[in-house]
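Single-structure report; data block below.
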Amino acid sequence: MKITLVFFLFTSLVLAQSNGILSGMGGKAYISINAGPSFPLGDFGDKNPQNEKSGFAKTGYFVELNGGIRLFNILEFSIVGFRNENGTDLDNLINNFNQSNPGTNFSGSSDSWVIYGALGGLGVSYPLGYGYFGDFRFLGGYLNSTSPEINLQTTLFDTYAKIESSTTSSFVYYFSGSVRRPLTDRIHASFGFQYLGGGANFDNVKTITSINGQINESTTSFQRGMDVWGLIFGLRFILF
């Protein structure tokens, strides 16, 4: 995979130099803002209450601020700051508590997953024809993940459950591909997709349960995948 990527970049650069495609690429430096829906993958989106790695995450949103400067021809250096937020679907977790404790009727509430971080790496931009451009970015960096606090309640004050929130940092990698078209000389619109992948170690996450006043506390540590993909809707502003 790495060899293929290097070959692709090298070939593209050679073709770019021979064809002189820098003309009309839309400037040497830019900033852009992207946003769109965010879809959880793997453990992050798993809703199996028997899997301690399940994140119960559902479709959310992301927003990112990008900056880039062209190094030469089609190759550019890019930096990204992003925030990703996903709510939770607790239906399976609530059903599991009700089945494990006959006669109870749990309901649930939860904060959202919040993921944010910074990335840096290389991008490739080249004309596709008919006024369109293709943009691809391969980035790496760090993210900060905060899991939601989950509360399950019943009509009885002494019967409840709580999973506490936890925060951790980890390495993340990022890939995006999009198609861009100029609206004016200085403003371009883009549409595409992105993938954010990595894992996060959550240590000593506390769970408190009380059934008819009998309280039990436990902690667990695990690694959870934090993979999401999203649809990109963006605007690029050419600086110079």
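Odds and ends about this structure:
- Amide N of the range 216-233 lying under 19 Å from the label point, which is placed 7 angstrom from the Cα of Ile31 along Cα→Cβ: 233
- When the charge dipole of the chain is built from unit charges on Cβ atoms (+1 for Lys and Arg, -1 for Asp and Glu) and taken about the Cα centre, the candidate among Gly177, Val124, Asn34 whose Cα reaches farthest toward its positive end is Val124.
- A simple spin-label model places the labels of Thr184 and Asn96 5.3 nm from each other, with each point 7 Å out along Cα-to-Cβ.
- log10 of Debye I(q)/I(0), alpha-carbon scatterers only, for the range 84-127 at 0.22 Å⁻¹: -0.82
- When P(r) over Cα pairs in 10 Å bins from 0, in percent is computed from the coordinates, the matching label among (1) 7, 28, 25, 17, 12, 7, 3, 0; (2) 7, 17, 14, 12, 11, 9, 8, 7, 5, 4, 3, 2, 1, 0, 0; (3) 8, 29, 32, 18, 9, 3, 1, 0 is (1).
- Segment Tyr173-Ile69, length gained on full extension (0.36 nm per residue, minus Cα span): 35.4 nm
- Directionally averaged shadow of the range 55-115, computed from the convex hull of its alpha-carbon atoms, nm²: 5.6 nm²
- In a reduced charge model with +1 at each Lys and Arg Cβ and -1 at each Asp and Glu Cβ, the chain shows a dipole moment near 1020 debye about its Cα centre.
- Within the range 98-164, chymotrypsin sites (Phe, Trp or Tyr not before Pro) in DSSP loop having at most 13 other beta-carbon neighbours inside 10 Å: Tyr130, Phe157
- Stokes-Einstein D in µm²/s, Kirkwood radius over Cα pairs - the range 187-233 at 25 °C with 0.890 mPa s viscosity: 171 µm²/s
- Helical mean residue ellipticity (222 nm; -39500 (n - 2.57) per DSSP H run of 4+; nearest 500) of the chain: -4000 deg cm²/dmol
Every number in this text was worked out from the coordinates using simple rules, so none of it is lab data. Remember, it's a predicted structure, so these values are computed and weren't measured experimentally. Quick reminder, even Gly has a Cβ in these numbers, built from the backbone with ideal geometry, and neighbours come from all protein chains shown.
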